[in-house]
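Worksheet: one structure, shown below.
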Amino acid sequence: MSIDRTPQELLLKNLTQSFVPLLDARYNIESYCHLDLSINNKELSTVDVGCSAELGRYVNSKLLEQGSKIGYGGYNERRDIYSRSVYFNKDNSDNQRNIHLGIDLWCGAGTPVLAAYPGKVHSFKDNKNHGDYGPCIILQHEVKGVNFYTLYGHLSRKSLNTIKVGQQFSAGDIIAHLGESMENGDYAPHLHFQIIMDMENYSGDYPGVSSAQNVRHFLTNCPDPNLLIKIY
């Protein structure tokens with residue numbers, strides 16, 4: 001059955017023909033497995049998902065169980081992970097932000113992070129709210145006069161030491177490394193990867209989680225990253 005795609009989605013889909021690694025180029029697609037961190041995963045009822053160490057143990061157990069090196073998932077996924085922080089409006093049930101707008105790639109701290117597509121540094125920032133991105137880099141890409149952006153969150157602080165606005169990267173270049181929980185917003189080590197069509201005047205940051213009230217806008221502005229990286 002064919003899927004109706006927007007022009008933006010078709011642009012992204014046609015930019016790549018096969019799997020695009022975002023972490024350590026040694027790992028091919030067979031090294032990845034899907035992880036479900038949604039509210040529908042009954043296993044998580046016994047896991048304190050608000051504790052980065054406990055969530056990390058759960059993630060590592062699933063990777064070991066499936067013989068994988070990297071876990072992926074999360075686009076348009078409703079999660080309980082964010083209910084620990086006021087940053088996500090946890091005390092306002094009508095506007096709580098708990099719908100994930102990117103793909104997460106779970107792997108050990110220090111893992112190299114790779115550029116998904118040729119581009120230049122748009123902005124970067126250490127976002128220090130509890131549960132935020134921590135260090136984050138945003139690349140700008142231009143194709144046939146159309147700009148789009150890729151966001152890489154939960155990095156190490158050292159990743160920001162030498163990077164510069166306007167710096168050019170080719171696809172597959174190392175742009176950063178994954179951060180530890182004490183620097184990455186207090187999460188088990190992972191990469192948050194998100195595509196953004198319009199930065200809406202943000203710099204070094206862009207919402208990675210939406211409320212149900214605003215999700216239509218954000219899912220339109222942040223298409224499924226799998227269109228570009230083709231993990232599944």
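For this structure, a couple of remarks:
- Per DSSP, loop GluC sites (Glu not before Pro) in segment 1-65 with at most 15 further Cβ within 10 Å: none
- At most 15 other Cβ within 10 Å, DSSP loop - trypsin sites (Lys or Arg not before Pro), segment 128-205: 128, 144, 164
- Candidates per chymotrypsin sites (Phe, Trp or Tyr not before Pro) in segment 161-198, loop by DSSP, up to 10 other Cβ within 10 Å: none
- Of 76, 161, 41, the one that fluctuates the most in a GNM where the chain has Cα springs shorter than 10 Å: 161
- Å² of accessible area per residue within segment 149-205, as computed with a 1.4 Å probe and no ligands counted: 43
- FRET E, pair residue 168, residue 43, Förster distance 41 Å, beta-carbon r, rounded to 0.05: 0.45
- Span from the segment 95-141 Cα centroid across to the segment 164-224 one, whole angstrom: 4
- Summing Cβ point charges (Lys, Arg +1; Asp, Glu -1) relative to the Cα centre of the chain gives a dipole of roughly 360 debye.
- Calculated mean residue ellipticity, 222 nm, the chain: -4000 deg cm²/dmol, from DSSP H runs (n ≥ 4) at -39500 (n - 2.57) each, averaged per residue and rounded to 500.
- Rounded, prolate or oblate (a/c below 1.5 giving rounded, otherwise prolate when a/b exceeds b/c) for the chain by Cα gyration tensor: rounded
The values are calculated or read from the model by the stated rules, or taken from the named source; none is laboratory data. Quick caveat: nothing in here was measured; it's all calculated off a predicted structure. Cβ coordinates were reconstructed from backbone atoms using ideal geometry, including for glycine residues, and neighbour counts include every protein chain displayed. SASA here: full protein model, heavy atoms, side chains in, ligands and nucleic acids out. Shrake-Rupley method; radii C 1.70, N 1.55, O 1.52, S 1.80 Å.
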